[in-house]
Amino acid sequence: MCGIVGAIAERNVVEILLEGLRRLEYRGYDSAGVAVLDGAGALQRVRRTGKVQELSDAIAAHPVRGQTGIAHTRWATHGGVTEANAHPHFSTDRVAVVHNGIIENYLSLRDELVKKGYSFTSDTDTETIAHTVHEMLKDTDSLLEAVQLAVKQFHGAYGTVIMDRTDPSTVVVARSGSPLVIGLGIGENFIASDQMALLPVTRRFIFLEEGDVAEITRTSVAIFDSQGRPVEREIVDSDLEHDAGDKAGYRHYMLKEIHEQPIVVRNALQGRLGETDLEGGIFGAGADDILAKVKHVQIVACGTSYHAGMTAKYWLEQYANVSCNVEIASEFRYRKSFVHPDSLLVTISQSGETADTLAALRLAKEQGYMSSLTICNVPGSSLVRESALAFMTRAGAEIGVASTKAFTTQLTAFLMLTLTLGRYNGMSKDDHDAIVKGLHSLPAKLEETLSLAVGIEDLAEEFADKQHSLFLGRGDQYPIAMEGALKLKEISYIHAEAYASGELKHGPLALIDDEMPVIVVAPNNELLEKLKSNVEEVRARGGIMYVFADKDAAFASDETMRVINVPHCEASIAPIIYTLPLQLLSYHVALIKGTDVDQPRNLAKSVTVE
């Protein structure tokens, strides 16, 4: 969740650190700080609450310089949003630390450190890292050894970078559960929690693995595993692009990314979808042999990715004849579960670093799943590196915290997985051909759907004074209703719930009145008449309806129902198509509410802690 940048060079690194923080800020943060070792060998620190620009302005007013430095953007977990709680944290004037993750035993460590004479100036768990390393330095002159000793005392997750004032030529990093990447330069090296932060200064990266500790100087990188043994990690040349600085004329990144969906879906299909079938090997080397054996799919994900998995369950069971379970990663990892024979574990994550999903993958390996596949947007991420198979969604950098194009490319990937598994499990030719036809038409249908934006913008005005809303869908549109509700609550702060519309009589009807907008997704499918009955149940109780319906579904607007006609499409791609109007609705309601669309309160883009 938080962002780390570090550098050790012959030049002043302050602007490198600030630019790295700017490139991570889109994830959503509440404070930032920089610490450098200056020319006199002293630690200099500047911290500010708010956005990175506040920190940048403070440094411009009172410049600091240094050739070794660390920086951090914080998303508050332990302690409120205050300057004292912002990173970096110091132990006396010697040790400086930045940290992502949570030290679960920090209270007991804190008590022990207080007894040893250490004073705490923050409410964070991170300050215990600084003091613990400082304590270890009483027994060794090596920062590396001090960190290796210190991490043995930490329970929880951490990606941390440590500087020692007495050794300005070295920084030491440690990773357990929270990602860190080393960027390699010429006569200089860098550290970050995400390679995005370092793209202006390097394209060569080393991704640290679980338990790694590394000693970094300007000219060397030495990595040690959890047992303290020297190890080599692969150097990866990245071709990742980062367009966070360019809204392309749109008011917000989220709106830009909504309108990019036809392009990124086309990219996801490029080279993978042939004229009449999928190309071979699109899920990686050896994937076809593995997927031919799959008899059950277990999907694990969080948030928006979980909704993609729920949609995929309908497709896999209806079209591919493969049983499927879907579970929230934070629940999956903490309960005893049954592993079906010939099961494929599928994880989904935009970032590839979602802590609960990554932990679920590691647990599944111990439980005996036949194999694992991740659907992900970030090459080189932990999920990609640790899964047997990987499908890259090619959505490009997604800057808005509320996911849009990542979701639709995930759904596109799942339709291709459905086709692949259906090949081995008796998918009918009619279903196969209909899905292929739908995928071919998908980018154009998305373009057509985006033309609804003007009408949706007008409709959003009616939500200006609303505090609650209800979303309804049936079949594979139920998860889309859930995703629509999530988007509205994320960025407009309107309380929103989603129900399978058949559940209305089992409780939700009690909520219906003229102050509760009810949003319905209504493609022209076999459940349409059932859905119309549910709509009438709402209307009979004075509810105000907003229906996104197939133009052939025979809904008509009146004083109690506003109808937005959605282009007709193949049934298989309808969940992807109906996602876009709900994204646009959420966006325009958020504008009316005056919220921070791209960085909604209390949320972060990449959830790398539990």
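Does region 110-129 contain any residue that is in contact (Cβ under 8 Å) with a residue 60 or more places away in the chain, of a type outside the set (Lys, Arg) and in contact with a His (Cβ under 8 Å, 6 or more places away or on another chain)?
In the first step, residues of region 110-129 are kept if they are in contact (Cβ under 8 Å) with a residue 60 or more places away in the chain; the result is none.
No: region 110-129 contains no residue that is in contact (Cβ under 8 Å) with a residue 60 or more places away in the chain, of a type outside the set (Lys, Arg) and in contact with a His (Cβ under 8 Å, 6 or more places away or on another chain).
Quick one: SER441 ticks every box in (1) surrounded by fewer than 19 Cβ atoms within 10 Å (Cβ to Cβ); (2) assigned to a loop (DSSP other than H, G, I, E, B); (3) of a type in the set (Gly, Ala, Ser) except a single one, so which number is it?
Result: SER441 passes all but (2).
Is at least one residue of region 312-323 outside any strand (DSSP E or B), without any contact (Cβ under 8 Å) to a residue 24 or more places away in the chain and under 19 Å from PHE283 (Cα atoms)?
yes
Which of the residues belonging to region 458-507 are among the hydrophobic types (A, V, I, L, M, F, W, C) and assigned to a helix (DSSP H, G or I)?
Of everything in region 458-507, those that are among the hydrophobic types (A, V, I, L, M, F, W, C) and assigned to a helix (DSSP H, G or I) turn out to be LEU459, ALA460, PHE463, ILE480, ALA481, MET482, ALA485, LEU486, LEU488, ILE491, LEU504.
Quick check: anything in region 460-471 touching a residue at least 24 places away in the same chain (Cβ under 8 Å), crowded, with 24+ Cβ neighbours inside 10 Å and within 14 Å of ALA574 (Cβ to Cβ)?
No: zero hits.
Take the residues in region 64-97 that are assigned to a loop (DSSP other than H, G, I, E, B) and hydroxyl-bearing (Ser, Thr, Tyr), then tell me which one is surrounded by the fewest Cβ atoms within 10 Å (Cβ to Cβ).
Pass one, region 64-97, residues assigned to a loop (DSSP other than H, G, I, E, B): 64-67, 75-88, 92-94.
If we keep only those that are hydroxyl-bearing (Ser, Thr, Tyr) as well, we get 77, 82, 92.
Values: THR77: 16, THR82: 15, THR92: 12.
Among those that are assigned to a loop (DSSP other than H, G, I, E, B) and hydroxyl-bearing (Ser, Thr, Tyr), it is THR92.
Can you confirm whether ARG233 is basic (Lys, Arg), in a loop (DSSP other than H, G, I, E, B) and within 27 Å of the chain's Cα centre (by Cα)?
yes
Which pairs turn up if I take residues in region 149-164 that are within 14 Å of GLY101 (Cβ to Cβ) and look for partners that are crowded, with 24+ Cβ neighbours inside 10 Å and among the basic types (Lys, Arg) with beta carbon separation below 9 Å, at least 6 apart in sequence or on another chain?
Close Cβ pairs satisfying both conditions: TYR158/ARG175; GLY159/ARG175; THR160/ARG175.
Identify the residue in region 200-217 that is outside any loop (DSSP other than H, G, I, E, B) and not aliphatic (A, V, I, L, M) and, among all such residues, is modelled with the highest pLDDT.
Per the stated criteria, the residue is GLU215.
Among the residues of region 41-63, which ones are assigned to a loop (DSSP other than H, G, I, E, B) and surrounded by fewer than 17 Cβ atoms within 10 Å (Cβ to Cβ)? Full working, then the answer.
Taking region 41-63 as the starting set, the residues that turn out to be assigned to a loop (DSSP other than H, G, I, E, B) are 41-42, 50-51, 62-63.
Selection gives GLY41, ALA42, GLY50, HIS62, PRO63.
Given the conditions (1) in contact with an Asp or Glu (Cβ under 6 Å, 6 or more places away or on another chain); (2) touching a residue at least 40 places away in the same chain (Cβ under 8 Å), and given that VAL52 satisfies all but one, which numbered condition is not satisfied?
VAL52 satisfies every listed condition except (2).
Among the residues of region 193-221, write down those that are in contact with a Phe, Trp or Tyr (Cβ under 9 Å, 6 or more places away or on another chain), closer than 17 Å to ALA157 by Cβ and in contact (Cβ under 8 Å) with a residue 60 or more places away in the chain.
Within region 193-221, just VAL213 meets the criteria.
The values are calculated or read from the model by the stated rules, or taken from the named source; none is laboratory data. Because the structure is a prediction, the values reported are computed rather than measured. Glycine gets a Cβ as well: all are built from the backbone with ideal geometry, and neighbour counts include every protein chain shown.
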